[in-house]
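Just below is one structure, and these are the notes that go with it.
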Amino acid sequence: MWKFVIAVGVATTVGGCQPKGPVALAVPSNTPQRLDFFYSANDDCSSAGQTVVQVTTLPANGKAEIKFAKDYPAYPDTNPHKSCNKTALDTTQIWYTPNPGFIGTDSLKVTATFPAGAPTDFTYPIVVK
């Protein structure tokens, strides 16, 4: 049985968007894991569009993938879009799959460009157990 441990840092609002920006993630070996997802809502809770995410530094010991899906945002209570948490939005997701048999640390970096046009860099340190 594998243990998932996720430590999430303080969320940052960027261009009206709310990336979750985890600062540490433990993933099981040989298993794909979603690291993060990005979204942006209009005032009426409709999607403001897809966030463009580019992997700028590939993981040394695994594979990074960008996927698109509908998901529910996680705006904090202090964000004016918190009522949008009940509406599935277009999201851009970052997935990581460790190489077969790999145990240890890895990382990847991405640049996310939100619909409002603000590019932001994110680093994802990963511990594969």
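Look at (1) assigned to a strand (DSSP E or B); (2) touching a strand residue (DSSP E or B) at 6+ places or on another chain (Cβ under 6 Å) and you find that F102 fails only one, number (1). Hydrophobic (A, V, I, L, M, F, W, C), farther than 12 Å from V27 by Cβ, out of contact with any Leu (no Cβ under 6 Å at 6 or more places or on another chain) and part of a loop (DSSP other than H, G, I, E, B), is that true of A69? Criteria not met by A69. If you go through the range 108-129 and keep only what is of a type outside the set (V, I, T) and surrounded by fewer than 17 Cβ atoms within 10 Å (Cβ to Cβ), you end up with K109, A116, G117, A118, P119, D121, P125, K129.
Look through the range 27-66, keep the residues that are of a type in the set (F, W, Y) and not in a loop (DSSP other than H, G, I, E, B), and return whichever of them is farthest from G117 (Cα to Cα). The qualifying residue farthest from G117 (Cα to Cα) is F37.
Every read-out reported here was derived from the displayed coordinates using simple, explicitly stated rules and does not represent laboratory data. What you see is a predicted model; the values in this text were computed from it and never measured. Heads up, the Cβs are rebuilt from the backbone with ideal geometry, glycines too, and the neighbour counts pull from every protein chain shown.
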